[in-house]
Structures are given as structure tokens and as C-alpha cells.
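Undergrad: Submitted below is the structure of interest, expressed as C-alpha cells.
The values are calculated or read from the model by the stated rules, or taken from the named source; none is laboratory data. All of these numbers come straight from a predicted model, not from anything done at the bench. Because the Cβ atoms are built from the backbone with ideal geometry, glycine has one as well, and the counts that use them run over all protein chains shown.
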Amino acid sequence: MIRGIRGAITVKENIEEEIVPATERLMREIIKQNGISPETVASVFVSVTEELTAAFPAKALRQIEGWAYVPVMCMQEVPVPGSLPKCIRVMFHADTEICQEDIKHVYLEGATVLRPDLLKA
């Protein structure tokens, strides 16, 4: 079954030196917590809020060994007034036997406020 595995992280500045490493940290944590491998991932979507323009965060996945052939797409979030700024969101589409309620969604830094209901101890 293909499941969506979500995550998000915030950065302090609109610079590549923050955007790419933060995205890599988030992706590595999603991969680790859910025990996924590149062969089980159909695609990864990455979105950023409108003020993050200094880098393509998808570049982060290319820095993880073995993930070079997984399709990744970057896009911009809908600029809703009052939404969390400087936020990078990720959605892995993975083939897994894990049931939906046992998926471990990962929210780091300021993004923990987005979906506290999905965070598990």
C-alpha cells in the first residue's frame, strides 16, 4: 500500500546553507523513523513557503546515499495569511505495510506547531 509520510521543518534564514541541510535533516529523520528505503518510495514532494527562494530543497535528497533515482519535486505553498513562515514541508509516497495510524510523521523546529496531533512520543 502506498502511504504518505509527512514532515516539516523551519529555517531561520533564506540561504542555501540553511535550507538544504535542514531539509536533509528532516528527510533523514523521516527515513529513519519509518524504516523506508529508496526502492519503496514512488516520489517525494517538497514545498516551501513563498519567502524561501535561495535553493531547491530537493537537492537534500540527492546528498543521501542511494536516493539518486527517487523522483523529487519542489513547489511553493499557498501563501495563506498568518501561516508558518520559512517552512519546508515534505511528503514521501512510500510502499509500506505499516498501517496509517502507525506512520511516524516528523515535525522539527518551529514546525512542531503544525500537526501536534500527529506527533508521537
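Undergrad: As an exercise: evaluate V72 against (1) touching a Ser or Thr at 6+ places or on another chain (Cβ under 8 Å); (2) modelled with pLDDT under 95 and give the number of the one condition it does not meet.
TA: Every listed condition holds for V72 apart from (2).
Undergrad: If the Cβ limit is 6 Å and pairs must be 6+ apart or interchain, which residue in the range 45-72 that is more than 17 Å from G7 (Cβ to Cβ) pairs with which residue that is of a type in the set (G, A, S) and surrounded by fewer than 18 Cβ atoms within 10 Å (Cβ to Cβ)?
TA: Within 6 Å, the pairs are P71/S43.
Undergrad: Between a residue in the range 26-38 that is within 16 Å of G4 (Cβ to Cβ) and any residue that is assigned to a helix (DSSP H, G or I), which pairs come within a Cβ distance under 6 Å, given they are 6 or more apart or on different chains?
TA: Close Cβ pairs satisfying both conditions: M27/A60; M27/L61.
Undergrad: For S47, work out the one condition from (1) closer than 13 Å to A111 by Cβ; (2) modelled with pLDDT under 95 it doesn't fulfil.
TA: The failed condition is (2).
Undergrad: Quick check on E77: is it under 15 Å from G7 (Cα atoms), of a type outside the set (F, W, Y) and in contact with a Lys or Arg (Cβ under 8 Å, 6 or more places away or on another chain)? Full working, then the answer.
TA: On the way: under 15 Å from G7 (Cα atoms): yes; of a type outside the set (F, W, Y): yes; in contact with a Lys or Arg (Cβ under 8 Å, 6 or more places away or on another chain): yes.
Yes, satisfied.
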